[in-house]
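The values are calculated or read from the model by the stated rules, or taken from the named source; none is laboratory data. Since the model is a prediction, treat every value here as computed from it, not as a measurement. Note: ideal-geometry Cβ built from the backbone for every residue, glycine included; neighbour counts use all protein chains shown.
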Amino acid sequence: MRLAHATALLATCAALVLTGCDNDDPSDTPDAGSLPDAGTQPDAGDTAAPTVTGTTPAADAAHVAADTTITVRFSEPMKSGRGTVRVAVDGAQRTLGDSHWMEEQRVFMAHPAEALPPGARAEVTVETDFEDLSGNRLASPLTFHFTVHGTAPAKPHVTESSPAEGATSVMPVELYKADATSLAQRKVVTLTFNEPMDIALTQVTLRDVTTPANAPRTLAGTWSSDGLTLTVAIPRPESDLPPLEQENQYTLDVTGLRSATGQSVDTAHAGLGDGKLDFTTGRRDANVEHACLHALLNAPQAVTAGSSPTSFYPATDSAHAFYGVTLPADGTSFRGYTEVVTDPDRDQTIALYLNQSIPVEVRDTTDGDALVASTLEPAAPVCVPAITHLLKFTGASGDRFLRLGFGPASHETLTFVFERY
Ligand SMILES: [Ca+2]
């Protein structure tokens, strides 16, 4: 009943711009049965300004229909005869034709008299002359924008990729476990699109920009279940060649793909620039590749770390060993200690190839408790997630006793490959 009443009131307003349309007195209508109920009666004690809690289209919405309804949702019931909404395109006001209130006069709805131009950027202004039932106005006008659907269907584009467009020093070779005793090489590339794609189309083309004489390689990717992300595993082109050469420029052409609605890839979008993912490889990292051999093929040696610096803690210092360390609980996190004994005769660089980023403190306990400088950095991405981080420090000669303090950590277990150089 109330909705019908509000619509009847507004029918007397010629245009949607409601300024001057002051027909909010219920006694004006012959329909006595539609008087507001107690819940919409003015509250004499209300001095708070109403606020806008939402709009349709939402601010910065794209691909909005040209004949969209514009709605403004308020925080409380409003006077139905007040309020101005303006819609402008390129600085020119658009006439609004039809309007009404809904949801006990909390939601104002309006329709442009004519469809908005394709591709237009519309500016909507909600003026402060909207009033709640106690006569409080909006504290400030609200302005937002939306973009009308263009005449040409939207083309899909890449929003994220690995490697990123234009990336340099890209790891050219990644290792994975081929079977129980051997590793294989590949390079995995992923591309994520802004809209679902046609998963029947999976082919992309890899070109060697540095050596164009090399034949382009047609590769088949695999789509994620949502059709947004294509994963392309680049294999060795021949059994004696790596998946990608070192310090070499490549371009991966994805223009053979289509959106689920059949649109070709946008070759002008900034994501890839030309519909091709361009990147340059760096050098391989022999040390990480070696450590990956142990991390992927060895069963971890289980070790429970000591619970305090003064109690027993086990050794984790055999070169090429792959350790699976369990850290004792320490309150709500985990923390533990292991030992490294340095070489008797020479200084060594000691490296731990970790499967996570974790604070590690190295202390020399031989004749005190001196802090040993160490670095923790992301490891070259050769066999993620088996190896993600690299801890390095110098082990001074002389059979010195070093204590590694792991944590505080959020996970109880970690793995690392231990190496001495
Ligand atoms: Ca590109």
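Assorted remarks:
- Some residue of the range 284-304 being among the acidic types (Asp, Glu), within 16 Å of the ligand (Cβ to nearest atom) and not assigned by TED's automatic domain parsing to the domain that holds SER374: no
- Qualifying residue in the range 30-53 (condition: in a strand (DSSP E or B) and modelled with pLDDT of 50 or more): yes
- Where strands (runs of 3 or more DSSP E) fall wholly inside the range 350-421, the ranges with 2 or more residues that are without any contact (Cβ under 8 Å) to a residue 12 or more places away in the chain are 370-372.
- Candidates are the residues of the range 233-280 that are among the acidic types (Asp, Glu) and over 24 Å from the mean Cα position of the chain (by Cα); the one that is farthest from the ligand (Cβ to nearest atom) is ASP240.
- Just so you know, in the range 165-183 the residues that are among the hydrophobic types (A, V, I, L, M, F, W, C) and surrounded by 15 or more Cβ atoms within 10 Å (Cβ to Cβ) include one that is nearest to the ligand (Cβ to nearest atom), and it is ALA167.
- With respect to the conditions (1) over 33 Å from the mean Cα position of the chain (by Cα); (2) surrounded by fewer than 17 Cβ atoms within 10 Å (Cβ to Cβ), THR332 lacks only one, and its number is (1).
- Among the residues listed as ARG335, ARG346, the single one being assigned to a loop (DSSP other than H, G, I, E, B) and at pLDDT 95 or above: ARG346
- Here is the figure for the range 341-365: residues that are more than 40 Å from the chain's Cα centre (by Cα) and either of a type outside the set (Ser, Thr, Tyr) or surrounded by fewer than 16 Cβ atoms within 10 Å (Cβ to Cβ) (or both) total 9.
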